[in-house]
Amino acid sequence: MAFYYFLFKKLSVPTEEEFINAYSEVHEIDLTNGPVIYREKNYPAAAVRARLLRTYPSILRDFHFYLLLKESGRFQAVRYSLATDYHKGIDISVACNDEEFGLSILLNTKRGRYFKKRKTHRHDYSRVKEIVLEVDFNSLRRCGDFFLLCEHHIDSVIKLIDDARS
C-alpha cells in the first residue's frame with residue numbers, strides 16, 4: 001500500500017528509502033529504532049526495514065509489468081487493484097476476448113515457489129481464471145539495480161491465456 005500511496009501522492013515512483021518512509025507514514029510506525037508492534041508481536045525495526053527492502057523490487061517489477069501490459073495494446077483491459085492483490089492474491093488482471101484472467105507473477109526461484117505455495121493456501125482462486133507466469137531470473141532485463149519483466153513476457157502471458165482456453 002505504501003508504494004501506491006507514495007506513487008499517487010507524489011506522482012512518481014518512490015526510491016527504496018522513500019518507500020520505507022511512506023510505509024512508516026501510512027502505518028504510523030517508527031522504523032528508526034525500537035520494536036515495531038504488529039498483531040501484538042514485537043519485531044525489530046531493522047527486520048521490518050529488511051523485509052520492506054526485499055519486497056520493494058517485487059512491487060516495482062509488478063508495477064512496471066502492469067504498465068508494459070497496458071501500453072502493449074494487446075488486451076481489452078489491464079487492471080491493478082491493491083485490494084485484489086492483497087485479499088485475493090492476484091497481481092494483475094487482464095481481459096482478452098471478453099474473458100478476464102487473474103495473473104500471478106512468480107519469480108521461479110526456491111523462495112518464489114515457496115511463497116506462491118503459501119499464497120495458494122491463503123487465497124481462494126476458485127472464482128478466478130488464474131494464470132501463473134513463472135519467470136526465470138535470467139529472462140529479466142537489468143535496469144540499474146533492478147530486474148524487470150519485458151516485452152517477451154507479454155508473449156508468455158498471451159500463450160498462457162491461449163493454453164487456458166484450450
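Each reported figure results from applying straightforward, stated rules to the coordinates on display, with no laboratory input. Because the structure is a prediction, the values reported are computed rather than measured. Positions of Cβ are backbone-derived with ideal geometry, glycine not excepted, and every protein chain shown enters the neighbour counts.
Could you work out the local net charge near Phe63, counting Lys and Arg as +1, Asp and Glu as -1, over the other residues with Cβ closer than 12 Å to its Cβ?
-1
For Ser139 and Met1 in one chain, what is 0.36 nm times their gap in residues minus the Cα-Cα distance, to one decimal in nm?
Length difference between fully extended and current span is 46.9 nm.
Return the long-range amide H neighbours of Val36 (sequence gap of 5 or more, or a different chain), with a cut-off of under 5 Å between placed amide H atoms.
Tyr43, Ala45
Can you tell me the dipole magnitude for segment 2-165 around its Cα centre, using point charges on the Cβ only (Lys, Arg +1; Asp, Glu -1), in Debye to the nearest 20? Mind dumping the intermediate values first?
Values: 26 positive and 23 negative charges, 118 e Å.
For segment 2-165, the charge dipole is close to 560 debye.
Using the beta-carbon distance between Ser12 and Ser166 and R0 = 30 Å, what value does 1/(1 + (r/R0)^6) give for FRET efficiency, to the nearest 0.05?
Result of the calculation: an efficiency of 0.10.
With the contact rule set at Cα under 8 Å and sequence spacing of 6 or more, what percent relative contact order holds for the chain?
Result for the chain is 14 percent.
Quick one: Kirkwood hydrodynamic radius for the chain, alpha-carbon pairs, angstrom, one decimal?
One decimal place: 17.2 Å for the Kirkwood radius.
What list do you get for Lys88, Lys129, Lys41 if you sort them by fewest beta carbons within 10 Å?
Lys41, Lys129, Lys88
Once R0 is set to 35 Å, what does the formula 1/(1 + (r/R0)^6) return for the Cβ-Cβ distance between Asp30 and Arg113, expressed as a FRET efficiency to the nearest 0.05?
0.50
Pull out the extension gain between Lys70 and Ala50, defined as 0.36 nm times the separation in residues minus the alpha carbon to alpha carbon distance; nm, one decimal. Walk me through the intermediate numbers first.
Values: separation 20, 0.36 × 20 = 7.20 nm, distance 3.11 nm.
So the chain would gain 4.1 nm between Lys70 and Ala50.
From Cα pairs below 8 angstrom and at least 6 apart in sequence, can you work out the relative contact order of segment 56-122, rounded to a whole percent?
21 percent
How far, in degrees from 0 to 90, does helix 110-122 lean away from the longest principal axis of the Cα atoms of the chain, to the nearest 10?
So the inclination is approximately 90 degrees.
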